[in-house]
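For reference, the structure discussed in these notes is given below.
The values are calculated or read from the model by the stated rules, or taken from the named source; none is laboratory data. Since the model is a prediction, treat every value here as computed from it, not as a measurement. FYI the Cβ positions are ideal-geometry reconstructions off the backbone, even for glycines, and counts take in every protein chain you see. Areas reflect the complete protein model, heavy atoms only, side chains present, ligands, DNA and RNA absent. Shrake-Rupley method; radii C 1.70, N 1.55, O 1.52, S 1.80 Å.
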Amino acid sequence: MKDPYATLGVSRTAGEAEIKKAFRNLAKKYHPDAAAPAQRASAQKRFQEISAAYEILGDKTKRAEYDAGGIDMGGGAPRGGFEGYPFGRGRPEDFNFAWGGRTGGTRGDESGFRPEDLFADLLGGLGGRRGRGSRAAGQDVNLKLTVGLTEAAQGGTKRIRLPGGEEVNVKIPAGLKDGQTIRLKGRGAPGMGGGPAGDALIQVTVAADARFACEGRNLKTDLAVSLKEAVLGGKVPVETLSGVVYLTVPPGANSGTVLRLKGKGLPAHDGEAAGDLHVRLMVTLPGAADADLKRFVEHWKNEYDPRRT
């Protein structure tokens, strides 16, 4: 076994409170019940080293013996009760600590500290409420999922892989907003001692869309219109999340004019009303030279200055 001070990461001058804190933090981190199945064996070994180190340093008499060279660390764990410890249950009665020269681990030391209190607190932090028995709820797991804007608006189903490797379908509710969390009940880490499994918490990101910009539940888009449509007005097709609709362009519309299609943004969801689609008109000239348009402009009598305010 390693030097117990090195195992707990404390100096030889560390006080009782510092040693107790170091053990508590390491035990929470490496307890086998909190480890993923693939890491459980290595966590068990590390937890055994941590526990054995604390059996020495947490006991004044044994610590003094060790500091004086009276305890041989070459033979593995000390003989205070860790041989045959049933890793995976973590009950305080499974430990045979000695406190202030007493063994058994159920009577408090001079400060009133009891080892079972330490382990009740320690194991209670592994993912749920724990009473005097070994029943505890499993931890929640946090996952991320990205969906397209159309999927978020119309709803649908996405496949996602859980930490254990299982793939499940996730229902995307219509009108989902960026950053919203979907909860899958009982799909988190398994419980202990018959306790319920935790939940899977899926944070959803709505991917950027080349057609629309989102602003709350409203959407924004640019629409190219011809010079004739801008001057004379008319019905112009525009794409929305639910398909193509026709927008009425008023005569004399300028570039930058914003028209609103009510209810054509993100649909109503979770108490919020449906958003609108704001369409900005962009007057666009022909790409190729148009001789008729050129002649018209050359002979156009209205010499207005659009830069004059």
Students often check this: by mean Cβ neighbours within 10 Å, which of 240-246, 146-152 ranks highest, and how do the rest follow? 146-152, 240-246
With the convex hull built on the Cα atoms of the stretch 172-309, state its orientation-averaged projected area in nm². 13.1
Taking alpha-carbon centroids only, the stretch 268-309 lies from the stretch 233-248 a number of Å equal to 16
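From the protein chains alone at 1.4 Å, what is the descending order of accessible area for Met282, Met192, largest first?
Descending order: Met282, Met192.
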Please go through the residue pairs Lys235/Lys262; Lys177/Lys264; Lys28/Lys144; Lys21/Lys60; Lys28/Lys60 and name each one whose alpha carbons sit more than 19 Å apart in this structure. Lys28/Lys144; Lys28/Lys60
Under 5 Å, built H, 5+ apart or other chain: amide partners of Gly234: Val249
How big is the charge dipole of the stretch 128-246 about its Cα centre, in debye rounded to the nearest 20, if each Lys and Arg gets +1 on its Cβ and each Asp and Glu gets -1 on its Cβ? 700
How high is the relative contact order of the stretch 141-284, given as a whole-number percent (alpha carbon pairs under 8 Å, six or more residues apart)? 22
Any chance you could run the full-extension gain for Val258 through Tyr246? It's 0.36 nm times the residue separation minus the Cα-Cα distance, nm to one decimal. 2.8 nm
Packing-wise, with mean Cβ within 10 Å as the measure, how do 283-291, 20-28 rank, highest first? 20-28, 283-291
Within the stretch 212-230, the residues whose backbone N lies under 20 Å from a label point placed 7 Å from the Cα of Leu293 along the Cα-to-Cβ direction are 222-230
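Once you have the alpha carbon radius of gyration of the stretch 228-309, what is it after dividing by 2.2 N^0.38 Å, with N set to its residue count?
Relative to the rule-of-thumb radius for its length, the stretch 228-309 sits at 1.49.
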